[in-house]
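Worksheet: the structure to be examined is printed underneath.
Nothing in this text is a laboratory measurement; each read-out follows from the coordinates by a stated rule. What you see is a predicted model, and the numbers here were worked out from it, not measured in a lab. When we count neighbours, we look across all protein chains shown, and the Cβ atoms used for this are built from the backbone with ideal geometry, even at glycine.
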Amino acid sequence: MSEIIKVNHLSKQFKDTKAVDDLSFTVNEGDVYGFLGQNGAGKSTTIRMLLSLITPSEGDIIIFGKKLQTHRSEILAQVGAVIEKPDLYKYLSAYDNLSIFAKMSGTKVSRELLMQQLEMVGLADRAKGKVETFSQGMKQRLGIAVALVHNPALIILDEPTNGLDPQGIADMRNLILRLSREMGKTILISSHLLSEIELIANRMIILHKGKKMVEGSVAELLDPEHSLIQLETTNDAAAKEKLLQSKWADVLQEGNSIRLLMNKQTVPQLISDLVGLDVSILSVNSSHSLENYFLSLTTLSGHVEPFAN
Amino acid sequence: MWNLLQIELFKISKRPRTYIAFAAIAAIVFIFQFAFKADGQSYMNLMLQSVKDSFEFERTKAINGYFMCYIILNTLLVQLPILVALIAADSISGEANMGTLRLLITKPISRTQLILVKFAAATIFTILLLVWMAIISLFFSLLIFGADDMLIFRSKGDESQILLISQDDVMWRYLAAFAYATVALTVIAALSLFLSIFADNSIGPIIATVCIVLVCTIISNINVPIIDKNVRPFLFTSYLVGWKGFFYIATTEDGVPIKGSVENWAAIRNSLTILLLHIGVLLGASVFIFRKKDILS
């Protein structure tokens, strides 16, 4: 399976803030790759760097085996994107918007093809309607049509379900699954809606404060064999020291808090060992769903912000 | 590139604000024409008051289409920068405001191409604005007032001068004057485009353009030797009305106008060179800054 996106040690510094810090990840062909993180985690900054909207301070971005900095136009010709809300020319019709962006992508498209695209996103009957009269959901669907009109191999969607009602979210999910399964597109999608990512992504990354917290297959991360166990003790620092000296050191996760990625069935053994090490346990929690997993990672790293679900 | 320019012109043509400039010009020109048709003779008497004994000219023929166009140009070319700024200052900032700039940058077109296309579109808009102005201020005036020899009132230092240009020697001067005005207003377009790179809405760059034009015009008109020598020659506003040079006809020693002549070609060439330099510098700076800019809005 070939690598579609390869990011190496990517960083972005904005004056005093490091929005992205030494980030590396890989998206393979055919992946629906989930990009998760709270507000300010660095998701949008990373996506903007992938789309050459922002210049990285450090690191490399390789897409389709070519460096983005030197092969920008060649790469972007094969990429379709929706960045946050799909802002389009409000004073133009849906058809005109689609036609303009298709031409800008260097694609010669017929009227039939444009109408097919509008049909696909359920806007064929509003082709002549001005975008300013559209609902948020309709704009979002038109944004998707604009991203797909030149038949890109890679689709990047930054928060595509923002502002959509439940039906809109379900439609968007079905569309993404169709694009992936029926059309073989590689999709990178960022979202706050963790349950959505859980339903559509096969691989994911979790960012926090610009850094990668975890990357892997969604199935693996949700596997009970790989539950995230978090412990609260009377003295976490001392308990962690003792765990690092024990057989549990390999599954102990980085960070100030005590988190272990392990088979849930071995928790009794862990507790027994901790008691033997003279550690007083206050609580033990296990995370299974992606949302809990995400929460446990970000909460325990010391900073939590409310996020939409 | 041509494809992108077509798209840009299509977008401009679909925006209602584009037509405000054309409507504003038409309104002002028609008011002028109406006022001069109704009571132009009073204006002419006032202008010729000081020379009534020494200058022989049939006053009823003085107000003709050529003279009207000159009066209109003299007034309107000061206001036109605002109308050009309305479109040019919206080039990048308007896209940023709508959020479409993000989408544009993710398309396989270079940022340099994008700036050049925006500049070309603003220049075409400027040309169309001047063509429209030529049609209504020159050709409509000729239809309404007829054609005759053209009177020019000129202030030269402390002196006032009246020049008379034969009617068969006027049209080429207007063509040259409109071409010159296109270059002069293209400087305004380049300035507005440059300012629009830094903003997320078009109001800021429009106001900034008008303020810069205003301040520079005031400085250009301050008659202080140190400014005359060290500042004025470098300000584009000192050359915005350089089109008048085409109507300053050279005369013989006896004061007889020489047909097809211009008093100071060198001054016109110098003005055009400085205006073109301004365009080059502003456009170059726009490309340089925009290529490095992080698109956050």
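Observations on the structure shown:
- Each Lys and Arg Cβ is given +1 and each Asp and Glu Cβ -1; about its Cα centre, region B:2-292 then shows a dipole of about 1400 debye.
- Contact order normalised by residue count of region A:148-229, Cα under 8 Å, 6+ apart, percent: 24
- Our coupling estimate for region B:136-147, obtained by passing each phi through the Karplus curve with A = 6.51, B = -1.76, C = 1.60 and θ = phi - 60°, is 7, 8, 9, 6, 5, 5, 5, 5, 7, 9, x, 10 Hz, Gly and Pro reported as x.
- For residue A:243, net neighbour charge (Lys/Arg +1, Asp/Glu -1) across residues whose Cβ lies under 15 Å away: -3
- Within 10 Å of the Cβ of each residue in A:82-92, the mean number of Cβ atoms contributed by other protein chains is 5.
- Ascending count of other beta-carbon atoms within 10 Å, so fewest first, for B:43, B:66, B:19, A:89: B:19, B:43, A:89, B:66
- Listed residue (B:138, B:66, B:270) projecting farthest to the positive dipole end of chain B, Cβ model: B:270
- Within a Gaussian network of chain A (alpha carbon springs, distance under 10 Å), most fluctuating of A:189, A:281, A:169: A:281
- Of the DSSP H helices in chain B, those with a Cα length along their own long axis of 24 Å or more and a mean Kyte-Doolittle hydropathy reaching 0.5 comprise B:18-48, B:65-88, B:111-134, B:171-196, B:203-220, B:265-292.
- Assigned charges on the beta-carbon of Lys, Arg, Asp, Glu; region A:10-99 dipole about Cα centre (debye): 220
- Listed pairs A:12/A:103; A:128/B:14; A:85/B:293; A:108/A:185; A:12/B:118 exceeding 24 Å between Cα atoms: A:12/A:103; A:12/B:118
- Charge dipole (chain A, unit charges on Cβ, about Cα centre) - positive-most of A:218, A:8, A:282: A:8
- The helix-only estimate of mean residue ellipticity at 222 nm for chain B, built from DSSP H runs of length n ≥ 4 each weighted as -39500 (n - 2.57), is -21500 deg cm²/dmol after division by the residue total.
- From its DSSP helices (H runs of at least four residues, each -39,500 (n - 2.57)), chain A gives a residue-normalised ellipticity at 222 nm of -10000 deg cm²/dmol.
- Cα-Cα P(r), region A:37-158, percent of pairs per 5 Å interval: 2, 11, 20, 21, 17, 13, 10, 5, 1, 0
- Taking other C-beta atoms within 10 Å as the exposure proxy, A:241, B:253, A:196 rank B:253, A:241, A:196 from fewest upward.
- Couplings 3J(HN,Hα) of region A:75-92, computed from phi: 6, 5, 5, 10, 10, x, 9, 10, 9, 6, 7, x, 7, 10, 6, 5, 7, 9 Hz, in residue order, whole Hz [Karplus 6.51 cos²θ - 1.76 cosθ + 1.60, θ = phi - 60°; x for Gly and Pro].
- For region A:183-211 versus region A:44-107, the inter-centroid distance based on Cα atoms is 19 Å.
- For region B:186-246 versus region A:258-275, the inter-centroid distance based on Cα atoms is 74 Å.
- Among A:266, B:186, A:46, A:17, a tally of other beta-carbon atoms within 10 Å of each Cβ gives an order, fewest to most, of A:17, A:266, B:186, A:46.
- Mean separation of Cα contacts under 8 Å, 6 or more apart, over the residue count of region A:3-216: relative contact order %: 31
- Gaussian network model of chain A, Cα within-10 Å springs - most flexible of A:122, A:30, A:137: A:122
- Ellipsoid semi-axes in whole angstrom, largest first, where each is sqrt(5λ) of the Cα gyration tensor of the protein assembly as shown: 69, 26, 18
- For region B:67-156, averaging the sequence separation of C-alpha pairs within contact (under 8 Å, six or more residues apart) and dividing by the residue count gives a relative contact order of 52 percent.
- Taking a sphere under 10 Å around the Cβ of residue B:170 and counting the other residues whose Cβ falls inside, with K and R at +1 and D and E at -1, yields a net charge of -3.
- Those aspartates and glutamates that a straight Cα-Cα span of less than 18 Å connects to residue A:242, excepting residues fewer than 8 apart in one chain: A:232, A:250, A:254, A:273, A:278
- Phi-derived couplings, Karplus 6.51 cos²θ - 1.76 cosθ + 1.60 at θ = phi - 60°, listed residue by residue for region B:150-156: 10, 9, 10, 9, 10, 9, 10 Hz, with x used for Gly and Pro.
- Comparing B:224, B:187, B:210 in a Gaussian network model of chain B, where Cα atoms under 10 Å apart are tied by springs, the biggest mean-square fluctuation is seen for B:224.
- Theoretical FRET efficiency, 1/(1+(r/R0)^6), r = Cβ-Cβ of residue B:39 and residue A:74, R0 41 Å, to 0.05: 0.05
- For region A:3-216, a simple Cβ point-charge model (Lys and Arg +1, Asp and Glu -1, everything else neutral) yields a dipole of about 400 debye relative to the Cα centre.
- Ranking A:39, A:149, A:28 by Cα position along the charge dipole of chain A, where only Lys, Arg, Asp and Glu carry charges on their C-beta atoms, puts A:149 farthest toward the positive end.
- For chain B, the spread of Cα positions along each principal axis, largest first, Å: 70, 44, 29
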